[in-house]
1. Note down the Stokes-Einstein diffusion coefficient of segment 212-344 in µm²/s, whole number, using a Kirkwood radius over alpha carbon pairs, 37 °C, and 0.692 mPa s.
2. Quote the relative contact order of segment 235-319 in percent (integer), defining contacts as alpha-carbon pairs under 8 Å separated by 6+ residues.
3. What per residue convex hull volume, in Å³, do the alpha-carbon atoms of segment 57-155 yield?
4. Quote the relative contact order of segment 396-464 in percent (integer), defining contacts as alpha-carbon pairs under 8 Å separated by 6+ residues.
5. How do 239-252, 110-123 rank on mean C-beta neighbours within 10 Å, highest first?
6. Can you give the direction-averaged projected area of the convex hull of the alpha-carbon atoms in segment 396-464, in nm²?
């Protein structure tokens with residue numbers, strides 16, 4: 001063997017060893033991939049058997065009837081109150097939510113409003129799948145002097161009798177309020193289903209009137225509108241249906257007149273200082289209003305403003321009103337001889353959806369019909385016909401008392417005549433006889449109105465009212 005051959009043999013041998021190592025490594029890797037996931041105790045799945053798959057169940061759905069309480073289009077949220085309850089809950093919606101009226105017209109959430117009756121389908125996450133106006137709701141409009149027997153939860157419209165329960169909602173100016181805030185002169189729409197009332201909506205509400213700087217007029221007469229006459233007493237506070245009235249105060253040779261605007265749930269003040277002989281300090285206020293032909297009401301009294309307006313020192317409620325423009329409302333405090341106020345009215349936004357958008361516009365207005373099975377038909381009708389005109393107490397029962405309990409500091413009015421305030425938990429009055437109106441007021445709290453019947457039975461009467469609720 002020559003020298004060259006001896007040199008090549010070790011080289012070939014080394015190459016062969018390297019190739020064997022590479023081949024062995026490849027085979028090992030392949031076997032490892034095939035056996036991945038198998039342990040010494042693993043058993044191959046039988047042929048034709050599928051592997052187990054985890055399935056997430058679809059969210060459960062629910063359909064229910066409700067009343068719309070609030071619509072927030074910025075956050076895509078609708079607040080609903082289920083029929084038969086007073087629980088308000090938020091639900092979300094999206095562009096995929098199917099919304100229609102009760103007669104099939106497609107709508108958007110912006111057309112919904114508080115008080116709409118709807119049928120809703122939602123997911124477990126409170127996302128609204130569909131929303132449709134309820135077609136079986138009867139709406140009775142223009143109801144005046146609704147007879148409401150709250151002790152037995154029965155109300156009537158004419159000869160028709162209806163039932164309700166504690167879930168009854170009262171809608172006033174877009175907000176749900178207590179029944180106690182209703183007044184006998186309020187005009188209502190009554191929403192019922194199969195003789196059961198679920199909601200009352202105030203369409204014409206009430207406000208209040210008090211007098212200022214009236215010392216010289218006490219004992220005189222106040223004339224409001226075309227038929228209301230009231231004796232002027234100290235701290236007189238009247239409840240009036242919202243609207244505009246001519247008003248005149250007279251006492252002997254003294255006379256003051258004006259035009260009164262009563263706004264819902266607000267107090268108008270008829271300031272008699274300009275008609276009184278007593279000296280009063282005034283601030284001459286120059287008003288500049290754009291547009292210049294808007295009506296200016298100061299404390300509810302229509303006031304010309306082409307010249308500076310003398311206003312007594314203190315706080316005053318200002319309204320500038322013009323059709324087609326958003327009403328300006330504000331407080332003006334005067335404590336100096338002169339002042340100026342600039343008001344610019346902005347154009348009113350597009351008119352809101354019609355009241356009956358969710359219901360069939362071609363449907364005839366239903367005629368109230370009595371409930372077939374009135375559970376209270378055997379109860380004697382002891383109701384009276386309430387009239388909106390406040391009148392003084394017609395009589396009292398001698399030597400008998402009416403004891404009223406309510407929140408400390410609450411002012412009590414009987415038939416719109418001020419009687420005093422609650423002190424140490426009660427107020428004791430001479431007992432009036434017959435059906436009387438009671439009004440409870442407390443600054444910063446919701447005014448409450450009640451109608452009670454007091455018999456001349458030879459006994460004292462005691463009435464306890466719920467605590468006043470903050471506004």
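Each reported figure results from applying straightforward, stated rules to the coordinates on display, with no laboratory input. Predicted, not measured: the structure shown is a model, and the values here were computed from it. Here the Cβ positions follow ideal geometry from the backbone for every residue, glycine too, while neighbour counts run over all protein chains shown.
1. Once the numbers are plugged in, D ends up at 210 µm²/s.
2. 26
3. Details: hull volume 13.4 nm³, N = 99.
That works out to 135 Å³ per residue.
4. 37
5. Ranked by mean Cβ neighbours within 10 Å, highest first: 110-123, 239-252.
6. If I average the Cα hull's projected area over directions, I get 4.3 nm².
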